[in-house]
Amino acid sequence: MSAWCCCTCCSVWVCRPWPHTSSGSGPRRGSNPTSPPRPPSGARYPSAMLRARVVLSERAWDAVRLRYGVAEQHTMLSRVAGPDPDEDELDRIGPALAREIAEAITLVARPVVELHGHVGDKVFVAATNGHQAVLAATDGSRYELTPIATDKLIPSTIDLLPARPAGQGEVRRFPLEALEPLSRDIRAGRFSAARRDHLGRRRQSRCPVTVADAESGRWLLTHRESWTVVTPGTRQQLRALMTELLRQVH
């Protein structure tokens, strides 16, 4: 369960989770591409990372970035702000929360591993540096930042999709050009992955996973050379395909 509170006005909302216990002693390490990446040697971690979900107006997002000198933004979330921070927005947010937000925006701009794409009218980035992770999303009018576990990039992005029954049938293949217009018209989401090496070079997954919701249910579309593979859209199958995206950049 969680509780909501508002910072003075509707420009910033904070979701404070109730205390809970966590099983396990920490992030898992290993060759599994869904495991948290190993942090770069000598990396310096933020002293103040988000502890709860926040929802920001565009003005609040810009005010924090300008005040704390966060020039770089992820391409999925970037916008051009005015030259000066909005002091009223900063006063409403408060310095402690503003620092947490600035650190989260910085992490999203240059993560080690990320899943990104769109679901409906929202674009999102789920990002981790191996030590911390955050899910950022925007519909163009407000921004949401949610702290997540470093090994929960896949489930946190799948949860953005509305619940729909999977389509009934077997896996089928079609020529790429035959389904391209269909995937544009009825897609509910699109997911891609990327990873940065120790030099900061970014590697993008080859082909996205497209989620298409039709009257017959949810379908998953992936591209294999000149073919489009259509699979019933179960949560388990979507997780498997997103794991493959991470494997491509691992």
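Couple of notes before you dig in:
- Residue within region 8-30 that is outside any loop (DSSP other than H, G, I, E, B), modelled with pLDDT of 90 or more and over 18 Å from the mean Cα position of the chain (by Cα) present: no
- Boolean, residue 126 is in the same structural domain as residue 154 (by the TED database), part of a helix (DSSP H, G or I) and in contact (Cβ under 8 Å) with a residue 24 or more places away in the chain: no
- Look at region 108-119: where a residue is on the phi > 0 side of the Ramachandran plot and in contact (Cβ under 8 Å) with a residue 40 or more places away in the chain and a partner is among the small types (Gly, Ala, Ser) and not in a helix (DSSP H, G or I), sitting 6+ places away or on another chain with Cβ atoms under 7 Å, you get 117/189; 117/192.
- Residue 235 being within 20 Å of the chain's Cα centre (by Cα) and more than 23 Å from residue 166 (Cα to Cα): no
- Of 157, 146, all but one fail to be in a strand (DSSP E or B) and either surrounded by fewer than 22 Cβ atoms within 10 Å (Cβ to Cβ) or of a type in the set (S, T, N, Q) (or both); the exception is 146.
- In region 94-114, residue farthest from the chain's Cα centre (by Cα) [restricted to those that are surrounded by 23 or more Cβ atoms within 10 Å (Cβ to Cβ) and assigned to a loop (DSSP other than H, G, I, E, B)]: 112
The values are calculated or read from the model by the stated rules, or taken from the named source; none is laboratory data. Here the structure is a predicted model, which is why all the values come from computation and not from measurement. Here the Cβ is made from the backbone with ideal geometry for all residues, glycine too, and neighbour counts use every protein chain on show.
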